[in-house]
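Structure, as structure tokens:
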Amino acid sequence: MVRSKSQAVDILSRALPGIGVCQELRLRAGRRVGVVTRRDGLRDLIIYDAEDPDAAHDQVELSQDEANAIAEILGAPQLVEQLASLQRQAFGLVVEQIPVPASSPFAGRTLGDTQTRTRTGASIVAIIRNGMASPSPGPDFGLRAGDLVVVVGTKRAIEQVAAIIDTN
């Protein structure tokens with residue numbers, strides 16, 4: 001699990017092996033909501049039960065277009081929206097955000113140390129840290145626990161990048 005601060009909101013990101021990534025936040029009123037970004041491109045909006053914090057009160061499956069529309073309404077960063085548009089246009093190309101867990105062997109090391117481009121053919125096009133995007137990071141860019149690595153590639157290549165970053 002990785003915690004990051006986005007403005008005044010605490011966001012908890014955790015990998016869901018074989019599924020994707022879950023990002024959760026606690027609302028001012030005490031309720032929790034989450035977004036599960038699945039490897040197949042679909043997203044689930046989760047409203048957690050106020051009485052049982054481990055149970056979902058409601059879940060809504062969103063298509064890529066629906067998730068993009070909600071993100072646009074809520075003011076998603078332009079970079080992420082542009083990458084989502086690229087994904088819709090390019091057949092076979094996938095865009096995903098992969099969290100860097102504290103247990104990653106690459107937390108505290110440079111992007112170049114991962115050798116993801118050479119090993120997988122996927123491209124890391126941005127790093128999102130504390131809600132701010134760093135587009136086109138070079139090999140000397142230092143990764144930190146809590147970063148979201150924005151990757152473009154085939155589904156298989158992105159799965160390989162996730163495995164590299166998650167490997168202990």
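Computed values, structure above
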quantity	calculated
Search result, residues across the range 9-27 that are under 15 Å from Leu45 (Cα atoms) and in a loop (DSSP other than H, G, I, E, B)	Ile19, Leu27
Only listed residue being surrounded by fewer than 17 Cβ atoms within 10 Å (Cβ to Cβ) and either of a type in the set (Phe, Trp, Tyr) or in contact with a Pro (Cβ under 8 Å, 6 or more places away or on another chain) (or both), chosen from Thr110, Thr154	Thr110
Test set (1) buried (at least 17 other Cβ atoms within 10 Å of the Cβ); (2) in contact with a Phe, Trp or Tyr (Cβ under 8 Å, 6 or more places away or on another chain) - Ser104 fails condition number	(2)
Per-region count, the range 117-132, residues surrounded by fewer than 22 Cβ atoms within 10 Å (Cβ to Cβ) and part of a loop (DSSP other than H, G, I, E, B)	3
Condition met for Ile98 (within 14 Å of the chain's Cα centre (by Cα), under 21 Å from Gln160 (Cβ atoms), exposed (fewer than 14 other Cβ atoms within 10 Å of the Cβ) and modelled with pLDDT of 80 or more)	no
Unmet requirement for Phe91, which otherwise passes all of (1) surrounded by 15 or more Cβ atoms within 10 Å (Cβ to Cβ); (2) at pLDDT below 85; (3) of a type in the set (Phe, Trp, Tyr)	(1)
Close pairs from the range 34-54: first exposed (fewer than 12 other Cβ atoms within 10 Å of the Cβ) and at pLDDT below 85, partner of a type in the set (D, E, K, R) and not in a loop (DSSP other than H, G, I, E, B), Cβ under 9 Å, at least 6 apart	Asp40/Lys155; Pro53/Arg32
Single residue of Val161, Val150 found to be part of a strand (DSSP E or B) and at pLDDT 90 or above	Val150
Looking only at the range 13-27, and only at residues there that are at pLDDT 80 or above and surrounded by fewer than 14 Cβ atoms within 10 Å (Cβ to Cβ), the one that is farthest from Ala102 (Cα to Cα)	Leu27
Candidate set from the range 57-77 (those that are surrounded by 15 or more Cβ atoms within 10 Å (Cβ to Cβ) and either polar (S, T, N, Q) or touching a Phe, Trp or Tyr at 6+ places or on another chain (Cβ under 6 Å) (or both)); member that is modelled with the highest pLDDT	Gln64
Selection count where residues are over 22 Å from Arg39 (Cβ atoms), within 14 Å of the chain's Cα centre (by Cα) and not small (Gly, Ala, Ser), scope the range 113-143	3
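The values are calculated or read from the model by the stated rules, or taken from the named source; none is laboratory data. Computed from a predicted structure; not experimentally measured. Note that we place each Cβ from the backbone using ideal geometry, even for glycine, and neighbour counts take in every protein chain shown.
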